[in-house]
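Written out below as structure tokens is the structure these notes cover.
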Amino acid sequence: MEKTKILEKAFKVLLIFVPLSLFAEYMHSSPIAVFILASLAILPLAKYIGESTEEISARTGPALGGLLNATFGNATELIISFFALQAGLTEMVKASITGSIIGNLLLILGMAFFFGGLGKDQQEFNTTAAKTSASTLILATAAIVMPAVFVLTSEDPSATTIETLSIAVSIIMAVSYLASLLFSLHTHKHLYTADTAECNAKWSVKKSVSVLLASTVAVAVMSEILVGSIEPLAESLGWTELFIGMIFVAIIGNAAEHVSAITVAIKGRMDLALQIAIGSTTQIAMFVVPVLVFTSYFFETPMNLIFSTFELASIVSSVFMVQSIIEDGKSNWFEGLQLLGTYGIMIVVSFLHP
């Protein structure tokens, strides 16, 4: 309880970076300063989006609550990517998608297993629910991998063909995601509600909606400032869009899930920690990606589903690494350390990647 209060105070302190970011942007400060300030400002805002959504979900019941979480759980990621697409940074958006997937699976789940397993022989979770989530991830992985394989094995496919392929696959991904919601929230909800049933609303509906709307608007403003600093930042530091998107933007966009998953894992609620980490990954791969593909056609540079070989290798290895660990329904601190080690390797490679 004491640790939770300390985290709550820390996030409130971080809100000071919202006006500081606006001031830095107004004064045309250096891209590095603007990027750092905007990033720090988004962290508490992402947390309050997640918290307000959970409060609303606790009052509306599991079905509507699940829909709200699907819509707003990755709101920060969507908003940042929206402004990046508007700026024509499609490759950085793909990198941030990759980073979000491997970050949730390796960094968040790794830290949850590690800190949750300290001082314990092992922790257990629902094997059926975990395996179902893992199989959904494999479906999402296939949807991301196959378009790139198509391009590699075809003789100079036209831009129109690639666009058609991307839209068709995105539609299938979106429909599959809706089916997964039906499975987890209706037909087989008993596999997923063991931990969430303990949650009670602490805020009024008015406060929850007000915090959600205010945080979302603030994230939109901060995201526009953040994206505007990325290209100058990359030029001044010599960083690639791949590294910035895959590591920094992905971590910032999923800040709420990082804190939540680790906190509940320490409390021994591993089923909920898995739901947060793997559920968020599924949302990104099968909900956020199609939305971004469809939205990108309103801008000058449409986004397709052709990811780079490095991005594909990162996603595939992360998914199969997690699947191999969770298939026995048990976890320990060393398995968490293995996931964190894999993430560390990917950070190094993405930094050195030309």
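The values are calculated or read from the model by the stated rules, or taken from the named source; none is laboratory data. Being a predicted model, the structure only gives us computed values, none of them experimental. Cβ atoms come from the backbone with ideal geometry, glycine included; neighbour counts cover every protein chain shown. The protein model used for the area step is the full one, side chains on, heavy atoms only, and it has no ligands, DNA or RNA in it. Shrake-Rupley method; radii C 1.70, N 1.55, O 1.52, S 1.80 Å.
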Original post:
Only one of these conditions is not met by Gly253: (1) closer than 14 Å to Phe113 by Cβ; (2) crowded, with 23+ Cβ neighbours inside 10 Å. Which number is it?
Top reply: (1)
**OP:** Within the range 274-293, count every residue that is at pLDDT 90 or above and farther than 12 Å from Leu78 by Cβ.
**Re:** 1
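For every residue, the table says whether it meets (1) of a type in the set (A, V, I, L, M, F, W, C); (2) modelled with pLDDT under 90; (3) under 18 Å from Asn304 (Cβ atoms); (4) in contact with a Lys or Arg (Cβ under 9 Å, 6 or more places away or on another chain).
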residue	(1), (2), (3), (4)
Val151	yes, no, yes, no
Glu163	no, no, yes, no
Ser166	no, no, yes, no
Leu185	yes, yes, no, no
Original post:
Can you tell me which of Ser308, Ser314 is modelled with pLDDT of 85 or more, crowded, with 23+ Cβ neighbours inside 10 Å, of a type outside the set (Lys, Arg) and closer than 26 Å to Ile162 by Cα?
Top reply: Ser314
**OP:** Note down all Cβ pairs under 7 Å where the first residue falls in the range 85-102 and is at positive phi, the second is among the β-branched types (Val, Ile, Thr), and they're at least six residues apart or on different chains.
**Re:** Gly88/Thr301
**OP:** Give just the number: which of (1) buried (at least 23 other Cβ atoms within 10 Å of the Cβ); (2) farther than 17 Å from Ile97 by Cα does Phe334 not satisfy?
**Re:** (1)
**OP:** Would you check which residues across the range 219-250 are closer than 13 Å to Ala41 by Cα and either open to solvent by 20 Å² or more (accessible area, probe 1.4 Å) or among the acidic types (Asp, Glu) (or both) and list them?
**Re:** Ala220, Val221, Glu224
**OP:** Sort out for me the helices (runs of 4 or more DSSP H) sitting completely within the range 218-303 that have 3 or more residues that are in contact with a Gly (Cβ under 7 Å, 6 or more places away or on another chain).
**Re:** 255-266, 270-283
**OP:** Tell me which residues, restricted to the range 268-294, are among the β-branched types (Val, Ile, Thr), closer than 17 Å to Ala95 by Cα and open to solvent by 30 Å² or more (accessible area, probe 1.4 Å).
**Re:** Val291
**OP:** Considering every residue within the range 48-60, establish whether at least one is basic (Lys, Arg), modelled with pLDDT under 85 and either surrounded by fewer than 18 Cβ atoms within 10 Å (Cβ to Cβ) or in a loop (DSSP other than H, G, I, E, B) (or both).
**Re:** yes
**OP:** Determine the pairs where a residue that is assigned to a helix (DSSP H, G or I), located within the range 318-330, has a partner that is charged (D, E, K, R) with Cβ atoms under 7 Å apart, the partner being 6 or more residues away or on another chain.
**Re:** Ile325/Glu335
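How many of the residues making up the range 124-179 are of a type in the set (Val, Ile, Thr) and more than 26 Å from Glu300 (Cα to Cα)? Step through it out loud before you land on a result.
Of all residues in the range 124-179, those of a type in the set (Val, Ile, Thr) come to 127-128, 132, 136, 138, 141, 144-145, 149, 151, 153, 160-162, 164, 167, 169, 171-172, 175.
Filter once more, keeping what is more than 26 Å from Glu300 (Cα to Cα): 127-128, 132, 136, 138, 141, 153, 175.
Looking only at that region, the number is 8.
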**OP:** Please tell me if Gly66 is in a helix (DSSP H, G or I), open to solvent by less than 30 Å² (accessible area, probe 1.4 Å) and modelled with pLDDT under 70.
**Re:** yes
**OP:** Exactly one condition in (1) at pLDDT below 85; (2) open to solvent by 10 Å² or more (accessible area, probe 1.4 Å); (3) closer than 16 Å to Val227 by Cα is not met by Thr76; state its number.
**Re:** (2)
**OP:** Under 8 Å between Cβ atoms, at least 6 apart or on separate chains: pull out the pairs that start in the range 219-247 with a residue that is in contact (Cβ under 8 Å) with a residue 60 or more places away in the chain and end on any residue that is among the acidic types (Asp, Glu) and open to solvent by 50 Å² or more (accessible area, probe 1.4 Å).
**Re:** Ile225/Glu25; Gly228/Glu25; Ile230/Glu241; Glu241/Glu91; Leu242/Glu91; Gly245/Glu91
